[in-house]
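Student: Take this structure first; my questions come after.
The values are calculated or read from the model by the stated rules, or taken from the named source; none is laboratory data. Treat the numbers as computed from the prediction; the structure is a model and nothing was measured. Every residue, glycine among them, receives a Cβ derived from its backbone with ideal geometry; neighbour counts consider all protein chains shown.
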Amino acid sequence: LAQRVKVKDKQDRATVEQVLDPRTRMILYKLLSSGKIISIDGCISTGKEANVYHATGPDDTALAIKIFKTSILTFKARDKYVSGEYRFRQGYCKKNPRKMVRLWAEKEFRNLLRIHTTGTIKVPHPKILKSHVLVMDFIGEDGWPCPLLKDVKFNEIEFDDQPEQNGGEQLEQGGVESNPVSSLLANLYKQCLVILYRLFKHCKLVHADFSEFNLILKDNKELYVIDVSQSVEHDHPRSLDFLRHDIKNVQEFFGKHILVGDYKDIFEYITSPTVDDSNCDTVLDGILKNAKKLEAFNVSDEVFRQTHIPRKMQEVVHYERDYEKMKKGETELVYTKIMGMKSDMSGPEVVNQPQESSSNVSD
Ligand code: ADP
Ligand code: MG
């Protein structure tokens with residue numbers, strides 16, 4: 001890939017140090033002198049909120065060091081992710097940017113650790129957290145970082161073996177010509193949906209910045225999730241807004257190239273209590289079988305995006321009104337599924353009955 005830069009051998013300690021404040025330099029110095037890090041190599045990325053460097057650890061392990069920046073401007077905007085978080089209920093200091101970045105780094109570390117410990121999603125293993133400096137596994141090979149999904153040149157990939165057919169099926173069913181690239185894209189699309197499901201169901205998190213900018217493609221086949229500092233608990237007051245946005249990003253990225261599943265069905269697949277590990281594959285396959293062109297969903301998606309989705313029973317204050325509206329076809333009761341109710345609100349939806357799994361999807 002043309003854009004890739006080998007960072008391992010780029011010993012630009014001078015430039016590294018130039019942009020770092022004395023505190024950060026001290027933290028790095030201690031990591032180096034204690035032998036936790038052997039060397040800090042080239043810069044992988046300079047962003048608004050963090051810089052990421054390649055480093056080498058003991059036994060020649062490849063590491064990535066993410067250094068969060070003390071920049072008040074961008075961190076202000078992150079308020080919405082932190083307030084409302086149970087984990088930060090004791091408040092956090094908006095006025096002290098240094099405390100803010102530390103909190104932010106800690107959030108990323110804890111989220112990475114939780115995802116890594118759950119073990120069903122690929123993330124870089126977080127190794128060390130010192131203030132606003134986070135050390136994790138480097139996702140790359142031989143000092144070369146693997147590309148972000150957004151930078152992958154799909155047409156330049158050389159497919160040596162038969163491409164994995166997994167996930168390519170729905171393309172043929174949709175009448176779109178199948179080739180190795182679209183098979184790979186379909187496979188990656190499916191991986192994204194599975195990751196969102198597992199984040200929500202296994203890790204109890206919503207990524208909240210899930211997109212081709214925060215997914216690394218390893219060996220042209222496996223997606224790693226990064227950048228989880230803004231991720232929130234699944235019961236955060238705005239988690240479902242964030243999730244809808246995450247789904248939208250996935251739909252729009254892949255919808256440019258391949259057929260995509262129904263927006264609302266995907267949302268239900270991730271959030272509905274009637275979908276769990278016993279039937280998730282069946283549900284997802286059902287969604288992918290009915291994949292369509294992205295444009296096909298626009299109208300109903302608009303309705304869906306504007307629908308308020310309550311998190312708790314107390315929030316459903318107007319359910320009778322909404323129910324009447326729904327009968328008249330004026331609105332859709334999207335909250336029945338997420339709350340685990342039957343669609344006519346006559347009682348709880350029965351969970352965990354594999355023989356009924358297909359009716360759970362379609363009704
Ligand atoms: P931000 O977007 O806030 O600047 P990210 O966590 O997304 O921070 O990291 C910025 C960039 O650094 C990523 O886009 C990716 O290219 C690179 N990167 C981050 N973590 C790793 C890692 N563990 N291994 C390899 N590259 C990484
Ligand atoms: Mg990022």
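Student: Would you point out the residue of segment 213-224, among those that are in a loop (DSSP other than H, G, I, E, B) and near ligand 1 (Cβ under 10 Å from one of its atoms), that is surrounded by the fewest Cβ atoms within 10 Å (Cβ to Cβ)?
Tutor: Only one residue fits best here, namely PHE213.
For every residue, the table says whether it meets (1) hydroxyl-bearing (Ser, Thr, Tyr); (2) at pLDDT 95 or above; (3) within 16 Å of ligand 2 (Cβ to nearest atom); (4) farther than 20 Å from VAL228 by Cα.
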{"position": "ILE27", "(1), (2), (3), (4)": "no, yes, no, yes"}
{"position": "SER33", "(1), (2), (3), (4)": "yes, yes, no, yes"}
{"position": "SER39", "(1), (2), (3), (4)": "yes, yes, no, yes"}
{"position": "TYR53", "(1), (2), (3), (4)": "yes, yes, yes, no"}
{"position": "TYR92", "(1), (2), (3), (4)": "yes, no, no, no"}
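Student: State all residues of segment 27-61 that are crowded, with 16+ Cβ neighbours inside 10 Å and within 8 Å of ligand 1 (Cβ to nearest atom); if no residue qualifies, say none.
Tutor: ILE44, GLU49, ALA50, ASN51, VAL52, HIS54
Student: Might you let me know whether segment 130-151 holds any residue that is of a type in the set (Phe, Trp, Tyr), touching a helix residue (DSSP H, G or I) at 6+ places or on another chain (Cβ under 8 Å) and either at negative phi or assigned to a helix (DSSP H, G or I) (or both)?
Tutor: So far as segment 130-151 goes, no, none of its residues is of a type in the set (Phe, Trp, Tyr), touching a helix residue (DSSP H, G or I) at 6+ places or on another chain (Cβ under 8 Å) and either at negative phi or assigned to a helix (DSSP H, G or I) (or both).
Student: Related question: State which residue pairs qualify: first residue free of Cβ contacts under 8 Å to residues at least 60 places away in the same chain and inside segment 189-215, second residue within 16 Å of ligand 2 (Cβ to nearest atom) and among the acidic types (Asp, Glu) in any location, beta carbons under 7 Å apart, and separation of 6 or more residues or different chains.
Tutor: VAL206/ASP246; HIS207/ASP246; ASP209/ASP227; PHE210/ASP246
Student: A follow-up question, please. Quick one: which of ASP235, ASP276, ASP281, ASP227 is at pLDDT 95 or above, farther than 13 Å from PHE210 by Cβ, in the same structural domain as SER183 (by TED's automatic domain parsing) and in a loop (DSSP other than H, G, I, E, B)?
Tutor: Exactly one of ASP235, ASP276, ASP281, ASP227 is at pLDDT 95 or above, farther than 13 Å from PHE210 by Cβ, in the same structural domain as SER183 (by TED's automatic domain parsing) and in a loop (DSSP other than H, G, I, E, B), namely ASP276.
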